Amino acid sequence: MKIYRPNYVKDFKCDGKACGSRCCRDWRIVLDEETREKFLRLPADDRQEIF
């Protein structure tokens, strides 16, 4: 399995104590234009999983 992610994700640290572990519920990910273009250059099957 291939995993694609923006570079900044590796720095994310969840602290469930601070929010009651609700930070990922209904999460909408906004991509900057550079990351979007990078993902659009991926093979079609990989893009389908992302978009």
Inset, instruction - Could you list, in sequence order, all residues of the stretch 6-18 that are modelled with pLDDT of 70 or more, surrounded by 10 or more Cβ atoms within 10 Å (Cβ to Cβ) and over 17 Å from residue 36 (Cα atoms)? - result: 14
Legend entry - Only listed residue being among the β-branched types (Val, Ile, Thr), modelled with pLDDT under 75 and surrounded by 10 or more Cβ atoms within 10 Å (Cβ to Cβ), chosen from 50, 3, 29: 50
Inset, instruction - State which residue pairs qualify: first residue outside any helix (DSSP H, G or I) and inside the stretch 29-48, second residue surrounded by fewer than 10 Cβ atoms within 10 Å (Cβ to Cβ) in any location, beta carbons under 9 Å apart, and separation of 6 or more residues or different chains. - result: 42/2
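The values are calculated or read from the model by the stated rules, or taken from the named source; none is laboratory data. Please read these numbers as outputs of a predicted model, since none were measured by experiment. Backbone-built Cβ (ideal geometry, glycine too); neighbour counts: all protein chains shown.
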